[in-house]
Every structure is written in C-alpha cells, then in structure tokens.
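Input: a single structure, listed below in structure tokens.
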Amino acid sequence: MMRILQRRARAWLSLVVFLTGIYAWQTKCMTQCSAEVRWNLKSTAHGDLPVPNSGNEQTCCLVFDVDQDGIDDFVIGERTQAPSLVWYKWHGKGWYRYIIDPEALPLEAGGAVADIDGDGDLDLVVGEDYRGNRIWWWENPAPELRRPWLRRKRRWPLS
C-alpha cells in the first residue's frame, strides 16, 4: 500500500512541476513576446484576399514557402468547386492568387508538404474525402513557377 501511495505522490509531484513549468513559460512569453507578435486579420470578406473559388467548403490550408523566396505563402484547397487548389503569394502590397489545380476535386481536410521528387522544393500531398481512397500529390514546378503543377495519383493502401 505504501508503494502505491509513493507512486501516486511522485506522479502528482511530476504533474505539478510540469504545470508550473508551463505556467512560467507562458507568463514569460506573455510578458516578453507580446510586443514581438502582431496579428492582422485578413479576409476575403473584407477584400484583403482574392476569393479561392465559388465554393464554400475550403477543406485544407497549408503554409509553406512555395517559391523559396524566404516568405511563407499559403495554399487553400476546396472540395466542391473548381479550382480545387490555389496558392496565395505576398507581393509587397497584397496577396495574389495562382491556380495550382484548375479542376474540382473532393479534397479532404488537412494535407502535407514534402520534397517527394527530391528536386529541392516542397510538393503538395492531399487525400480524397470520404468518397474515395485516392491520394494526390502535386509536383512543385519551381523554379519555373509559370509551368503547370503536375498532379499525380495513388490509391490507398499503397501497392
């Protein structure tokens, strides 16, 4: 019985130490970091961004440096209307929208980026929604970003 009580006491002590550390980190960050971070709301509703498409089911958002210029871009996926994937790039005064895939695809929430083809840039990976088992990946055409993004398809499970 004594061992059980000792284990419980150690577990509670570990939890208290952990939570105290989180509290101390959060307090330090709130007092020292708050001046460094500024959030600005940008919205298609206010005209800050071009609308991705006419659909209303934007299912994925991926943030990464698409064109390797040192500024993070973002990609929005939508599953009911075309284009299914669009890339937003900052041009100093606003965001411009570029089409990655002009077709309508049933894209699921989420997605990932990785250098799938080993050419040094980040490619996109998104799966199909509840209607199927396809996995698509788009080859980033960087540094020739005027070229189309090539869509590749796989089925799950991979064979």
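The values are calculated or read from the model by the stated rules, or taken from the named source; none is laboratory data. All values derive from a computational prediction rather than experimental measurement. When we count neighbours, we look across all protein chains shown, and the Cβ atoms used for this are built from the backbone with ideal geometry, even at glycine. Heads up: the accessible areas ignore ligands, DNA and RNA and are worked out on the full protein's heavy atoms, side chains in. Shrake-Rupley method; radii C 1.70, N 1.55, O 1.52, S 1.80 Å.
What the table shows:
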| quantity | calculated |
| --- | --- |
| Filtered residue count, the range 129-144, keeping only those that are open to solvent by less than 50 Å² (accessible area, probe 1.4 Å) and either touching a Gly at 6+ places or on another chain (Cβ under 8 Å) or closer than 26 Å to Pro50 by Cβ (or both) | 9 |
| Considering residues of the range 46-71 that are without any contact (Cβ under 8 Å) to a residue 12 or more places away in the chain and under 21 Å from Glu144 (Cβ atoms) only, the residue surrounded by the fewest Cβ atoms within 10 Å (Cβ to Cβ) | Gly70 |
| Tally, over the range 72-92, of residues that are open to solvent by less than 70 Å² (accessible area, probe 1.4 Å) and part of a loop (DSSP other than H, G, I, E, B) | 6 |
| Complete set of residues in the range 93-117 that are open to solvent by less than 40 Å² (accessible area, probe 1.4 Å), part of a loop (DSSP other than H, G, I, E, B) and under 15 Å from Phe64 (Cα atoms) | Gly110 |
| Residue match in the range 48-60 (condition: aliphatic (A, V, I, L, M), at pLDDT 85 or above and assigned to a loop (DSSP other than H, G, I, E, B)) | yes |
